[in-house]
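Below you will find the structure I want to go over with you.
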Amino acid sequence: MTQKLSVEADWYYAMQEFDYAYRNGSAGGSPTIRTHMRTVRDRLAKALAADPAVESPEPKTKPVQAHLERALDNGLDGVMRSMIKAIDNVKSSLAWEYGYERMPRHIVTKYAYAELLGPSGPVVWPDLVLGLVLFAPRATYPAHCHEGITESYLSLSGHWSENDTGVYAPGSMVLNLPGHTHTITTAGREPVLLAYAWTGDRDSLAHPAMKFSRRSNRARPARGA
Ligand SMILES: [Fe+2]
């Protein structure tokens, strides 16, 4: 069933949480990150002003969802608790996906993503993609990049690393510019929940072309964070 965002209160507040995060969160002094955050909130502001449709998807499950409750519980203790609560309110209508035609076996039970806003919904908007990525403990998300898409990951729950260059906790933001290859690893004892935002042109957002690095090219990505 299709409704306007303004009457789908749980989805409306989930979008407001992204607005708060990209409006009030720190860019850490980075002009590049600041520009991306401004782009996300400008595009989201246009979406909110247009009161887009919400097409509640058929909920889709993936094995990693067994870790969602724990990730949300842990997130309630951190600085992203407000977004965690908003996600808790829409979790029953999320469609969790792999984004790959063929999945590397080691990640099948440890990863999935769910879109919240984008060209194919649930909140239907052509100029921005917002979503969630969930990882089990001790996951390695293979090296990949996004052509034509600027991606930010916003930490909501758990601890993780990208390209072995730092350890990120709730509230941290990591920016991946188009074509930047990145591998994600998660800590050994707790799950990780990230929000992500993609900016790019409409065609890139509607048909994201992801590439794995050579070492990981056994899997063919179709879509995914
Ligand atoms: Fe990514």
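The values are calculated or read from the model by the stated rules, or taken from the named source; none is laboratory data. Quick caveat: nothing in here was measured; it's all calculated off a predicted structure. Here the Cβ is made from the backbone with ideal geometry for all residues, glycine too, and neighbour counts use every protein chain on show.
Would you confirm whether any residue within segment 24-37 is touching a residue at least 40 places away in the same chain (Cβ under 8 Å) and basic (K, R)?
Within segment 24-37, none of the residues are touching a residue at least 40 places away in the same chain (Cβ under 8 Å) and basic (K, R).
Next question, about the same structure. How about segment 120-155: which of its residues are crowded, with 19+ Cβ neighbours inside 10 Å and of a type in the set (D, E, K, R)?
E151 - this is the single residue of segment 120-155 that is crowded, with 19+ Cβ neighbours inside 10 Å and of a type in the set (D, E, K, R).
Hey, which of the helices (runs of 4 or more DSSP H) in segment 1-76, taking only ones fully inside, have at least 1 residues that are modelled with pLDDT of 95 or more, among the hydrophobic types (A, V, I, L, M, F, W, C) and closer than 19 Å to L175 by Cβ?
9-24, 31-50
Is there any pair with a first residue in segment 60-86 that is closer than 25 Å to M103 by Cβ and a second that is among the acidic types (D, E) and modelled with pLDDT of 95 or more whose Cβ atoms are under 8 Å apart and which are 6 or more apart or on different chains, and what are they?
R70/E190; A71/E190; L72/D88
Separate question: Could you please let me know if A49 is farther than 19 Å from G200 by Cβ, among the aliphatic types (A, V, I, L, M) and out of contact with any strand residue (DSSP E or B) (no Cβ under 8 Å at 6 or more places or on another chain)?
yes
Where in segment 160-209 are there strands (runs of 3 or more DSSP E), lying fully within it, with 3 or more residues that are in contact (Cβ under 8 Å) with a residue 24 or more places away in the chain?
Correct list: 173-176, 182-186, 192-200.
With the checklist (1) in contact with an Asp or Glu (Cβ under 6 Å, 6 or more places away or on another chain); (2) within 16 Å of the ligand (Cβ to nearest atom) in hand, flag the one item G166 doesn't pass.
(1)
Test of understanding: among N24, N74, which residue is surrounded by 14 or more Cβ atoms within 10 Å (Cβ to Cβ) and of a type in the set (S, T, N, Q)? Give the derivation first.
Numbers: N24 fails: surrounded by 14 or more Cβ atoms within 10 Å (Cβ to Cβ).
So the residue among N24, N74 that is surrounded by 14 or more Cβ atoms within 10 Å (Cβ to Cβ) and of a type in the set (S, T, N, Q) is N74.
Which count do you get for residues in segment 191-207 that are buried (at least 18 other Cβ atoms within 10 Å of the Cβ) and more than 20 Å from M37 (Cα to Cα)?
The qualifying residues number 2.
Go over the candidates W160, W125, W96 one by one and state the one that is farther than 27 Å from N24 by Cα and of a type outside the set (G, A, S).
Checking each option against the conditions leaves just W96.
For the structure I just gave you, tell me whether G188 is over 16 Å from I84 (Cβ atoms) and away from the ligand (no atom under 11 Å from the Cβ).
The answer is yes for G188.
A further question follows. Residues of segment 127-162 being modelled with pLDDT of 95 or more, more than 11 Å from the ligand (Cβ to nearest atom) and not hydrophobic (A, V, I, L, M, F, W, C), which ones?
The answer is D127, P137, R138, T140, S155, S157, G158, H159, S161.
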